[in-house]
1. For Cys165, state whether it is buried (at least 24 other Cβ atoms within 10 Å of the Cβ), within 16 Å of the chain's Cα centre (by Cα) and in a helix (DSSP H, G or I).
2. Let me spell it out: the conditions are (1) under 26 Å from Thr208 (Cβ atoms); (2) outside any strand (DSSP E or B); (3) in contact with a Leu (Cβ under 8 Å, 6 or more places away or on another chain), and Asp135 meets all of them except one. Which number is the exception?
3. For Leu223, work out the one condition from (1) closer than 30 Å to Leu117 by Cβ; (2) outside any loop (DSSP other than H, G, I, E, B) it doesn't fulfil.
4. What's the number of the condition Val178 fails, among (1) closer than 15 Å to Ile127 by Cα; (2) not in a loop (DSSP other than H, G, I, E, B)?
5. Filter the stretch 184-243 for residues that are of a type in the set (A, V, I, L, M), out of contact with any Cys (no Cβ under 7 Å at 6 or more places or on another chain), in contact (Cβ under 8 Å) with a residue 40 or more places away in the chain and over 22 Å from Thr10 (Cβ atoms) and give the result.
6. Mind checking which pairs have a first residue in the stretch 128-143 that is touching a residue at least 24 places away in the same chain (Cβ under 8 Å) and farther than 17 Å from Ala118 by Cα and a second that is in a helix (DSSP H, G or I) and acidic (Asp, Glu), Cβ under 6 Å, 6 or more apart or different chains?
7. List every residue pair whose Cβ atoms lie under 8 Å apart, where the two residues are 6 or more positions apart in sequence or sit on different chains, the first residue falls within the stretch 19-32 and is more than 16 Å from Leu248 (Cβ to Cβ) and surrounded by 19 or more Cβ atoms within 10 Å (Cβ to Cβ), and the second residue, located anywhere, is at pLDDT 95 or above and acidic (Asp, Glu).
8. Looking at the stretch 101-142, which of its residues are of a type in the set (Gly, Ala, Ser) and either crowded, with 24+ Cβ neighbours inside 10 Å or over 19 Å from His6 (Cβ atoms) (or both)?
Amino acid sequence: MFSDSHAHLTLEHFDPDREEVIARARDAGIARLITVSSFIGDAEACAGLASRHDFIHFTAGVHPHEAKSWTPEVARAIRRAAGRPKAVAIGEIGLDYHYDFSPREAQRRVFREQLVLARDLRLPIVIHTREAWDDTLDILREESAADVGGVFHCFSGGKEEARRCLDLGFYLSFAGPVTFKNAGRVAEAAAYTPLDRTLCETDAPYLTPHPHRGRRNEPARVLLVFEKVAALKGLRVEEVGEAATRNLDLVFHIA
């Protein structure tokens, strides 16, 4: 039993063969798949996709790249989508100081507003953080985000950042970069993270794992991530698959 805790199946990259991609995921043994809202207005498409496939659930949220476009109507739309069947989280939300596509103050404000929304709806969160560890963790503490819990998607830190996130009660999800030859600190973090707090993902269509870098990613390739994480932990891949899928069900409250 395997799972992909984070993919973006509604993006145009999958328009030519979306159903075939989903079929390959099932054939690869993926029992749970979370399709994550990618842009403002995308959550309804995610909801529709999830409604057509029993093993797919979805999230609703505004990425930090789009924080500059946040409005009260956007907030209402996120709330509506989060009330649809099979909505399991608010996300992905957080801070991205690498690209700074939105002003940092706007990113912080919108992050806080969505954390309030998650607490109000009693939904966990999917966190995106890039080159913003201190601000991300400070805001999570200040907004009592541990009350709803959630996962750091595509974890990109090292052992120290992993410890800080785990101490706050969050799960860590590892993606294609853990398989790269220069994985370094991320590989150390994957080895360090307890099995009962570990998830795996693709972030498809992005971050294709080795040896397929340069090609479009898809959920079936999450098995390469599981294989690497299992090797780092000295465990069988089946053990990691079963544990991560169990963790996904727990963090997203999937019966």
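1. Numbers: buried (at least 24 other Cβ atoms within 10 Å of the Cβ): yes; within 16 Å of the chain's Cα centre (by Cα): yes; in a helix (DSSP H, G or I): yes.
Answer is yes for this residue.
2. For Asp135, the failing item is (1).
3. Failed condition: (1).
4. So Val178 meets the others, but not (1).
5. Result: Ala187, Ala190, Ala191, Leu195, Leu223, Leu224, Leu232, Leu235, Val240, Ala243.
6. Sorted first by the residue in the stretch 128-143, then by its partner, the pairs are Trp133/Glu161.
7. Val21/Glu218
8. Hits for the stretch 101-142 are Ser102, Ala106, Ala118.
The values are calculated or read from the model by the stated rules, or taken from the named source; none is laboratory data. Computed from a predicted structure; not experimentally measured. Methodologically, a virtual Cβ is constructed for each residue, glycine included, from the backbone with ideal geometry; neighbour enumeration extends over all protein chains shown.
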